[in-house]
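**Student:** One structure follows; several queries about it will come next.
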Amino acid sequence: MTNPVDRIGAAFPEHLTNSHVGLQKVGRVQTTAHYGAQNYDRQPRPKDAVSVPETIELDAGDILFDEGDPSGHAYFVESGALEVFVFRAQENQIIGQVKVGEILGEMGVIDNKPRSTAAKAISPSRVRLIPAERIASMLESTDPGMQALIHTLLDRLRETTTRLAEAEARY
């Protein structure tokens with residue numbers, strides 16, 4: 001069985017995920033935000049840094065991105081796991097988990113909209129940035145009908161995510 005990190009590496013080789021857009025290696029990025037039902041704190045996250053690292057190392061509880069943030073990158077999970085959630089009715093409404101070999105943050109990159117969810121590490125994790133430019137170049141080479149289908153699915157998924165979070169917040 002092929003390792004998911006190896007499979008995605010072929011689709012997003014290092015020279016395409018980093019150097020062509022001027023990303024710099026900056027080492028471990030520490031974040032300080034903690035999102036709990038009683039502590040919804042909007043602290044600076046890695047996206048607030050002056051230079052953007054090619055990978056981000058997160059401790060359990062660290063926030064990768066928040067609802068409403070700009071969508072300049074998608075992220076490939078190289079290790080660990082992250083929880084995707086929205087904040088409603090003074091608590092986090094969990095949408096799902098993203099594990100090794102999976103991508104998150106792709107929706108906003110594809111449709112050029114702000115983040116519709118937040119993501120935090122639920123274990124020590126490492127994610128690799130996938131620049132929006134790389135994803136855009138892949139989409140541009142896709143059939144226009146498929147592009148329309150992708151955008152329709154994204155719109156429906158955003159609407160479903162919003163409705164699910166609102167329904168869970170009522171209970």
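**Student:** Quick one: order His73, His151 by neighbouring beta-carbon count within 10 Å, fewest to most.
**Tutor:** His151, His73
**Student:** Turning to a different aspect of this structure: If I model a spin label as a point 7 Å beyond the Cα along the Cα-Cβ vector, how far apart are those points for Gln147 and Ala167 in nm?
**Tutor:** It is 3.4 nm.
**Student:** Under the rule a/c < 1.5 gives rounded, and otherwise a/b versus b/c splits prolate from oblate, where does the stretch 95-171 land using the Cα gyration tensor?
**Tutor:** It is oblate, given that a/c is not under 1.5 and a/b is not larger than b/c.
**Student:** I'd like to compare 107-118, 54-65: which one has the highest average count of other Cβ atoms within 10 Å, and what's the full order after that?
**Tutor:** Highest-to-lowest ranking by the protection proxy: 54-65, 107-118.
**Student:** How many angstrom separate the Cα center of the stretch 85-156 from the Cα center of the stretch 54-82?
**Tutor:** Measuring centre to centre over Cα atoms gives 11 Å.
Throughout, read-outs are computed from the coordinates displayed, never taken from laboratory work. All figures in this text were calculated on a predicted structure; none of them were measured in a lab. For neighbour counting, all protein chains shown are included, and Cβ atoms are generated from backbone atoms with ideal geometry for every residue, glycine included.
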